[in-house]
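Trainee: Just dropping this structure here.
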Amino acid sequence: MIKVKNLCLKYTKEYYALYDVSFEVKKGESVALLGEENSGKTSMLRVLAGLEKPNSGEVYIKDVPLKKIDFSCDVEMGYIPATPVFFPKKTVYENLKYILKTRKYSNSEIEEKINELLINYNMEKLRDEKVCNLTLFEQYVLSIARLSFRKLDIILIDNIFEKLQPEQLEIIESMIVKEYVQNKVTTLVATTSEDIAKILTKRTIRFNLGSIESN
């Protein structure tokens, strides 16, 4: 599903965010990118998501070079960053409606799908709340919920765990397992926690100073 070969990414002339990184992830596999802060985990996810262009090396998804991937039709990839991305001044409903409008659903279909999602994720009371007023936990739940509108091939999850309370963390972990791991969505999770890596994934790739320490 994913092949990374001799990947290098520089943010400055002197600083390698990623250096000579190579690994493979099979279809349906769940893998943790484990390491301390600034070890290269987020940079690797951003490359896979098409948000960073590597200086050298190759990335293949479904045997197609990443630079030739059309994310609108070749692969359904979801990305949940550590800092949630929404229209913050718009409501939960308005954010969800925007996603469905881009996928050309009718107004009645949009209403039906949003209502169903809000019920399924226990967010009915937040329907008309501006996203900027939600807690970080609620924003993470919404980040996962809105991806349910799509049938994903790959999900990339950055380190969304550290600022959560234990009971909140348990809920998010359960959602990730149910939505992605159990459904055999190819899952990459970036984390600093050995425990989270063990709960959410079957295999660990250890990052250190931009390189892979063990695979």
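Trainee: Do we find that residue 4 is within 18 Å of the chain's Cα centre (by Cα), assigned to a loop (DSSP other than H, G, I, E, B) and closer than 28 Å to residue 144 by Cβ in this structure?
Mentor: So residue 4 fails the test.
Trainee: Of 18, 45, which residue is touching a helix residue (DSSP H, G or I) at 6+ places or on another chain (Cβ under 7 Å) and either of a type in the set (A, V, I, L, M, F, W, C) or exposed (fewer than 12 other Cβ atoms within 10 Å of the Cβ) (or both)?
Mentor: Answer to the selection: 18.
Each row is one residue, and each column tells you yes or no for (1) in contact with a helix residue (DSSP H, G or I) (Cβ under 6 Å, 6 or more places away or on another chain); (2) β-branched (Val, Ile, Thr); (3) at pLDDT 95 or above.
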site: 124; (1), (2), (3): yes, no, yes
site: 135; (1), (2), (3): no, yes, yes
site: 141; (1), (2), (3): no, yes, yes
site: 147; (1), (2), (3): no, no, yes
site: 169; (1), (2), (3): no, no, yes
site: 182; (1), (2), (3): no, no, yes
site: 188; (1), (2), (3): no, no, yes
site: 201; (1), (2), (3): no, yes, yes
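Trainee: Something else about it: Select from region 176-193 the residues that are open to solvent by 80 Å² or more (accessible area, probe 1.4 Å) and under 20 Å from residue 160 (Cβ atoms) and list them in ascending order.
Mentor: 178, 182, 183
Trainee: So which residues in region 112-163 are assigned to a helix (DSSP H, G or I), farther than 22 Å from residue 196 by Cα, among the aliphatic types (A, V, I, L, M) and open to solvent by 10 Å² or more (accessible area, probe 1.4 Å)?
Mentor: Those that are assigned to a helix (DSSP H, G or I), farther than 22 Å from residue 196 by Cα, among the aliphatic types (A, V, I, L, M) and open to solvent by 10 Å² or more (accessible area, probe 1.4 Å): 119, 126.
Trainee: Output the number of residues of region 69-87 satisfying the condition of being part of a loop (DSSP other than H, G, I, E, B) and either open to solvent by 70 Å² or more (accessible area, probe 1.4 Å) or among the β-branched types (Val, Ile, Thr) (or both).
Mentor: 8
The values are calculated or read from the model by the stated rules, or taken from the named source; none is laboratory data. Only a predicted model underlies this, so the values are computations on that prediction, with no experimental measurement involved. Ideal geometry is used to build each Cβ from the backbone, glycine not excepted, and the neighbour counts take in all protein chains shown. Remember, those area values only see protein heavy atoms, side chains included, never the ligands or the DNA or RNA. Shrake-Rupley method; radii C 1.70, N 1.55, O 1.52, S 1.80 Å.
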